[in-house]
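Have a look at the structure below, then the notes.
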Amino acid sequence: MKRDHTRAVRIGDKVIGGGHPILIQSMTNTRTADTAATIRQILALEEAGCDIIRCAVPTMADAEALTAIKKAIHIPLVADIHFDHRLALKAMEAGADKIRINPGNIGSSENIRAVADMAKRRRIPIRVGVNSGSLEKPLIEKYGGVTAEGLVESALDKVRILRDYGMEDLVISIKSSDVMMCAEAHELIADRTDLPLHVGITEAGTPYAGNIKSAIGLGLILSRGIGDTIRVSLTGDPLEEIRSARLILKTLNFRKGGIEIVSCPTCGRTQVDLISLAEQAEKLASRYDYDIKVAVMGCVVNGPGEGREADLGICGGVGYGLLMKHGEILKKLPESELIPALKEELDNWEPGQGR
């Protein structure tokens, strides 16, 4: 696992790299200067399982708002800065736990030095990196287009710039909307640096397309032992990013906790409203942090077997279903009573009952 050998970097009260657990990030989509709306969104993201939150800081009012935001939340706060180094300085003064900058677009070497000096003095890490959409023209010409090699060279050049000013607490991000290019770039850079890597598929799209691309891309990268933090970038509600990221990490066995729902596809044998039952069960399960499996099955072909393998199960019949626990049938119930019965079991579930 290459992530075991990356440099440990502290962000607020969290640590990434050095084999620490992979953390989930998201980004607010409120106007940061609207402190009330931004705080509400961050608190909701915290509850959903967000570990680190990033806010856009395009104006001085946004930077100043970080003071109140930082006091009201409970996870590390990252300030996303472009074009104006003074915003980075103000964000750090306001309490940002990390800043995200592109050294290439914040001006002169004096500006970069000023940011690096304050970050060192306050022990605030800097995230640097590149997206495929913003790769520098000389590198595009050098490699004959946007390539994984170009992304890596660009990112490492930004690292070199900040290291020239004595900055070592750095995190790298190299993102592309091209899943396979992104995976290749992470393979290349993981062999060339010990800095922790923030991983994501940028501009992945709507929740439908974005979740598929992110699951494939993050699955490829993380399964190769690469990546210290992740973001599932979706054009939608940031809460969906957290739910998706948690499921990706759980599926890859990088996280425990949270109920896993398994449900069968519908077919002509199904004689209950399986789609509704599965959706209700998934929504219900999101309220609990038990590390258990719940099966929602539609007929007698696979239902009993999957139900026996799960900690809890609903196995549908003709307008009714069986409620199962640890492979044993508890009750035969009308379809309308299955979800309430499942809720009762979960409400009374005791830690340690899972298999």
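The values are calculated or read from the model by the stated rules, or taken from the named source; none is laboratory data. Treat the numbers as computed from the prediction; the structure is a model and nothing was measured. Don't worry about glycine lacking a Cβ; one is built from the backbone with ideal geometry, like all the others, and counts go over all protein chains shown. These accessible areas exclude ligands, DNA and RNA; they are computed on the full protein's heavy atoms, side chains included. Shrake-Rupley method; radii C 1.70, N 1.55, O 1.52, S 1.80 Å.
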Quiz prompt | Simple spin-label estimate for Thr266 and Asp191 in nanometres, 7 Å along Cα-Cβ | solution = 4.9
Exercise. May I ask for the angle, rounded to the nearest 10°, between helix 338-347 and the longest principal axis of the chain, with both axes built from Cα atoms and the value confined to 0 to 90°?
Key: 60
Quiz prompt | Note, ³J(HN,Hα) from phi for the stretch 108-114, Karplus 6.51, -1.76, 1.60, rounded to Hz, x at Gly and Pro | solution = 6, 4, 5, 5, 4, 4, 4
Self-check item: Rg [Å, one decimal], Dmax [Å, integer] - the stretch 1-104, C-alpha atoms
Solution: 13.8, 42
Exercise. Between beta-carbons, use under 10 Å as the cut-off and find the net charge around Ser233, counting Lys and Arg +1, Asp and Glu -1.
Key: +1
Quiz item: So what is the calculated 222 nm ellipticity per residue for the chain, using -39500 (n - 2.57) for each DSSP H run with n of 4 or more, over all residues, to the nearest 500 deg cm²/dmol?
Solution: -12500 deg cm²/dmol
Exercise. Report the calculated FRET efficiency for Arg40 and Lys142 (r = Cβ-Cβ distance, R0 = 45 Å), to the nearest 0.05.
Key: 0.45
Quiz item: Roughly to the nearest percent, how much of the accessible area of the stretch 75-225 is carbon and sulfur, given a 1.4 Å probe?
Solution: 51
Exercise. Determine the gain in length on full extension of the stretch Glu168-His82; use 0.36 nm per residue of separation and subtract their C-alpha separation, reporting nm with one decimal.
Key: 28.9 nm
Exercise. Over the chain, average the accessible area per residue using a 1.4 Å probe and give it in Å², no decimals.
Key: 45
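Expected output is a single nm value to one decimal: the length gained when fully extending between Thr251 and Glu149, i.e. 0.36 nm times separation in residues minus the C-alpha distance. What is it?
Details: separation 102, 0.36 × 102 = 36.72 nm, distance 2.97 nm.
Roughly 33.7 nm would be gained on extension.
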Quiz prompt | Evaluated at q = 0.22 Å⁻¹: base-10 log I(q)/I(0), Debye formula over Cα of the stretch 217-282 | solution = -0.99
Self-check item: Rounded to the nearest 20 debye, dipole of the stretch 3-97 from Cβ charges on Lys, Arg, Asp, Glu
Solution: 140
Quiz prompt | Binned Cα-Cα distances of the chain, short to long, each 20 Å bin given as a whole percent | solution = 28, 49, 21, 2
Quiz item: Can you give the angle from 0 to 90° between the axis of helix 274-285 and the longest principal axis of the chain, with both taken from C-alpha atoms, to the nearest 10?
Solution: 60
Quiz item: What percent do you get for the relative contact order of the stretch 64-151 when only Cα pairs under 8 Å and 6+ apart count?
Solution: 23
Quiz item: Given +1 on the Cβ of Lys and Arg, -1 on the Cβ of Asp and Glu, and no further charges, what dipole in debye does the chain carry about its Cα centre, rounded to the nearest 20?
Solution: 680
Exercise. Sort 344-350, 117-123 for me by packing, meaning the mean count of neighbouring Cβ atoms within 10 Å per residue, highest on top.
Key: 117-123, 344-350
Quiz item: Between the stretch 137-215 and the stretch 253-295, how many Å separate their Cα centres?
Solution: 35
Exercise. On each of the three principal axes of the Cα atoms of the stretch 23-160, give max minus min coordinate, whole Å, ordered largest first.
Key: 47, 33, 23
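At 0.890 mPa s and 25 °C, plugging the Kirkwood radius over alpha-carbon pairs of the stretch 101-188 into Stokes-Einstein gives what diffusion coefficient in µm²/s?
For the chosen part, D equals 182 µm²/s.
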